[in-house]
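Trainee: Questions regarding the structure given below will be posed in turn.
No lab work stands behind these numbers, since they all come straight from the coordinates. Note that the coordinates shown come from a computational prediction; the quantities given were computed from them, not determined experimentally. With ideal geometry, Cβ positions are generated from the backbone for all residues, glycine too; neighbour counts draw on all protein chains shown.
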Amino acid sequence: MTDPKSHGTINTRVGNAQDQPSIAPAFRGNRTVKPLPFDPAKLNGLSEKLIRSHHENNYTGSVRAMNAVEQRLDLLMRYKDIAPFLYGPLKREELHRTGSVVLQELYFGNLDGAGKPGGGILEGLTQAYGSS
């Protein structure tokens, strides 16, 4: 709500964000790091050190950053009259971090050490290109 004398400026008298209820359950920032679903020492062709470093640094960092972005979005979204340009950069960062987390979880979820396709990927490849 803007004051008629404000000439379209943002009303800064909207109260404390902490007093406003959260309107977006998705912005809780409570995502957790999934553990590696395999023993990285048993992978063929990739070193254990490389996989552990990727998981502990890149993936874990992306999950933490996504939680921080979601928590900031939660605070901003509590103000129903907030201008979109104020939260637009955070939405872009959320998209970037979500993609990073999802892709890394898929990456780790598809490594098993055998060096051969299996499960759904094998079925898809067989359906598309014939038997292996």
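Trainee: Give me Y129, Y87, Y107 sorted ascending by neighbouring Cβ count inside 10 Å, so fewest comes first.
Mentor: Y129, Y107, Y87
Trainee: In addition: Sort H96, H54 so that the residue with the fewest other Cβ atoms within 10 Å of its own Cβ comes first and the one with the most comes last.
Mentor: Ranked by crowding around the Cβ, least crowded first: H96, H54.
Trainee: Can you list the trypsin sites (Lys or Arg not before Pro) in the range 38-83 that are in a DSSP coil and have 13 or fewer other beta carbons within 10 angstrom?
Mentor: On the way: sites: K42, K49, R52, R64, R72, R78, K80; in loops: R78, K80.
Loop-located and lightly packed - K80.
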